[in-house]
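Take a look at the structure below.
The values are calculated or read from the model by the stated rules, or taken from the named source; none is laboratory data. Predicted model only: the values in this text are computed from it and were never measured. With ideal geometry, Cβ positions are generated from the backbone for all residues, glycine too; neighbour counts draw on all protein chains shown.
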C-alpha cells in the first residue's frame, strides 16, 4: 500500500498526469452504468445507486467517528430523519408535494437539529458510554416512527409511507426512463448521475472540512480533549458541530433514499444499519475520506455479488444449494471483518500520517 | 502591579478539600514557583487557575476577572497550560502538534517565525518534526508540550510538574530551557516537586502544605531557609 501511496504522491505532483487522471475518472464514472447494464444486468445500476447513498452516509459518519472521535452507534437515525422529512413533505400522506430543491435543505436542516439534540446531552460522554447513549437514540427514533400513527397519524406506523415523489427536474420524473439523444436512460441510471454529483460535492466538502481550522480542532479533540481545551479550542461547540454536520449528510442521504425508493418504513432504519455504516468507516480506514469511500462501495457491492453467485456456484459444485446466500453473506462478512482487523487493524486504506515539512499552513 | 492575582481560591473533590484559601500573585515577567510535597494541592491550584477544574474564589488576569471563564476562554486571554502528563496528540506529528498550539492565532507569518524559534530552542524537536508525538521519549514529549504552549504566544505559561517521570539529565535540560524562556521575558508559573530546581529557576516561590500556602518569598531566600531545606531539600540541620 505504501508503494501505491508513493505512486499517488508522484502523480499528485504532476499536473498533466493529474488532469488526464481526472478525465479518465470522469469517463469511467459516466460510462460505468452503461457497462453494467450491458454486461451483468440493469439491476446493478440500482445497486450502484444504493452504494452511492451508503457512501454518502459513511462520509457523514466519518466526520463524527473518524474526525472527532465520537463513537456513534445510532447514526442511522439521521438517515431516517432525512428520509421521513422527504416522505412527509412530498407524498400523499399530508398532500404536500414540495419540490426537491426545497426538501433537500429542509431535510438536511432537520437532521442537523436532531444531531444537536443528540450531541448536547452527550457532550460529557466518551467511548463506550457515548456509544450506548447514541445506540439508544437511534432506537428511540425508529420506535417513534413505528408508533407515530396514533393518536394522530403522522408516519403511518410500521406500514410506512408510500408513493413518495421522486426528484423532478423541468417536469421530468427522474425515476422513469427517458430518451436523450436516442439513448435510453433508466430511472436508476439517471439517479446514478445525480448521486455521483452529490457524492462528489460531499467528498469536496469533507476534504475542505478536514483541512480547515474546524477539522484540526476535531482532530485535537479526538486525540486529547483536555489538551484541546488548553489550546483554546471550545470543545463543546466543536463536538456539536461534528454531530450536526455528520447528521446533515445523513439527512441528505436519507432524503435521496426515500425519493429513489418511493417508499419508507421504520424497517429500513434498524440498529444493524447503523452498525453496517460504522463497519464501512472502520473497514475502509477511519478518518480517511477515500478509505471510507472504498469501505462503503465494497460493503454494498460485495454482498450483492455474493447474492447472485452463491447459489449457482453451489449448484454447479454440489448439485444443490446447501447454504442460503443470506446466511452465507453474514458468515463471510464476519470472517472478512475479523481478517481485516487482524491483518490491517487501521482499515483497508488508512490515511497516511501527513508529514508536513516546510511552512505549509 | 500584579499580572495574575488569585484570591482565596478553593478546590474540592466532593468532601475532600484539595486547596483552601489560596491567594497569590504574579507580576509581569516574573517566574514564580509553587513547591510542596506530593498531594499538597499544587496541581489542583494550577488546574483551577487554568480553568480545567471548578473552583471557588477569584482568578484575575491582566485586569480581567476570569473566575467564571471556561478553559478555552482563559486560553484565549493568554494563559497556556502545559498539563501534567503533557497532553501530546499522539497520532499527529511533532510539527502538527506545534502548529496546533497556535490554534487561536491567525497571523500565519508570525506563527511561522515562532515555529522556527521553538525549533531553535529545541533542536531535538526539529530532528523529530515528522515523527508522530506518540513515538517520542518522555523528555522529548515534555519539550513538545512546552513548545506547543509557547506556540500560543502566551502571556502566562503554566507548567505542571515538568520534571515528572524524566531521567535526571533530561530534568536538568528541561529546566535549562525553562530558564531560557523565562529570561526571554515570558511570565511563568511553575508547579514542581523538585524544590531545589524550582527554586533555582525562579524569582519567587510559594510553599504549599495540605491545601494551604504556608510560606512565600524570594526563591534565593527560601533556598537558604532552614525549614525549606529540612522539609523539601532533604537536608538535615546543617
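When region B:208-221 is examined, which residues are found to be outside any strand (DSSP E or B) and in contact (Cβ under 8 Å) with a residue 24 or more places away in the chain?
B:210, B:211, B:219
Taking residue A:164, is it surrounded by 22 or more Cβ atoms within 10 Å (Cβ to Cβ) and not in a strand (DSSP E or B)?
Against the criterion (surrounded by 22 or more Cβ atoms within 10 Å (Cβ to Cβ) and not in a strand (DSSP E or B)), residue A:164 qualifies.
Hey, any hits in region A:257-265 for a residue that's within 12 Å of chain B (Cβ to nearest Cβ), surrounded by 21 or more Cβ atoms within 10 Å (Cβ to Cβ) and not in a helix (DSSP H, G or I)?
Within region A:257-265, not a single residue is within 12 Å of chain B (Cβ to nearest Cβ), surrounded by 21 or more Cβ atoms within 10 Å (Cβ to Cβ) and not in a helix (DSSP H, G or I).
Out of A:105, A:33, which single residue is free of Cβ contacts under 8 Å to residues at least 60 places away in the same chain and assigned to a helix (DSSP H, G or I)?
The conditions single out A:105.
Quick test for you: out of B:34, B:79, pick the one residue that is crowded, with 23+ Cβ neighbours inside 10 Å, within 14 Å of another protein chain (Cβ to nearest Cβ) and closer than 19 Å to residue B:187 by Cα.
The match here is B:79.
Looking at (1) under 21 Å from residue A:275 (Cα atoms); (2) crowded, with 19+ Cβ neighbours inside 10 Å, which is the one condition that is false for residue A:125?
Of (1) under 21 Å from residue A:275 (Cα atoms); (2) crowded, with 19+ Cβ neighbours inside 10 Å, only one is false for residue A:125: (2).
Of (1) touching a residue at least 12 places away in the same chain (Cβ under 8 Å); (2) in a helix (DSSP H, G or I); (3) surrounded by fewer than 18 Cβ atoms within 10 Å (Cβ to Cβ), residue A:112 satisfies all except one. Which?
(3)
Before we move on, is residue A:316 over 30 Å from residue B:119 (Cβ atoms), more than 14 Å from chain B (Cβ to nearest Cβ) and surrounded by 15 or more Cβ atoms within 10 Å (Cβ to Cβ)?
Here the answer is no, as residue A:316 does not meet what is asked.
Kindly indicate whether residue B:116 is part of a helix (DSSP H, G or I), within 13 Å of chain A (Cβ to nearest Cβ) and exposed (fewer than 15 other Cβ atoms within 10 Å of the Cβ).
Spelling it out, residue B:116 is indeed part of a helix (DSSP H, G or I), within 13 Å of chain A (Cβ to nearest Cβ) and exposed (fewer than 15 other Cβ atoms within 10 Å of the Cβ).
Going by the structure shown, is residue B:186 surrounded by fewer than 22 Cβ atoms within 10 Å (Cβ to Cβ), in contact with a strand residue (DSSP E or B) (Cβ under 8 Å, 6 or more places away or on another chain) and closer than 25 Å to residue B:25 by Cα?
Yes; evaluated as a whole, the condition is true for this residue.
Return the total of residues in region B:124-154 being within 13 Å of chain A (Cβ to nearest Cβ) and either in contact (Cβ under 8 Å) with a residue 40 or more places away in the chain or in a loop (DSSP other than H, G, I, E, B) (or both).
Final tally of qualifying residues: 19.
Does residue A:190 satisfy the criteria of being in a helix (DSSP H, G or I), more than 14 Å from chain B (Cβ to nearest Cβ), over 26 Å from residue A:267 (Cα atoms) and in contact with a strand residue (DSSP E or B) (Cβ under 7 Å, 6 or more places away or on another chain)?
yes
Report yes if residue B:189 is within 12 Å of the chain's Cα centre (by Cα) and in a helix (DSSP H, G or I), otherwise no.
It is false that residue B:189 is within 12 Å of the chain's Cα centre (by Cα) and in a helix (DSSP H, G or I).
Given A:135, A:117, A:130, A:89, which one is modelled with pLDDT of 90 or more, touching a strand residue (DSSP E or B) at 6+ places or on another chain (Cβ under 6 Å) and surrounded by fewer than 24 Cβ atoms within 10 Å (Cβ to Cβ)?
Every option except A:89 fails the conditions.
Those residues that are closer than 12 Å to residue B:147 by Cβ and at the interface with chain A (Cβ under 10 Å from one of its Cβ atoms), I need them from region B:95-113; list them, please.
Answer for region B:95-113, where residues must be closer than 12 Å to residue B:147 by Cβ and at the interface with chain A (Cβ under 10 Å from one of its Cβ atoms): B:95, B:97, B:99, B:100, B:101, B:102.
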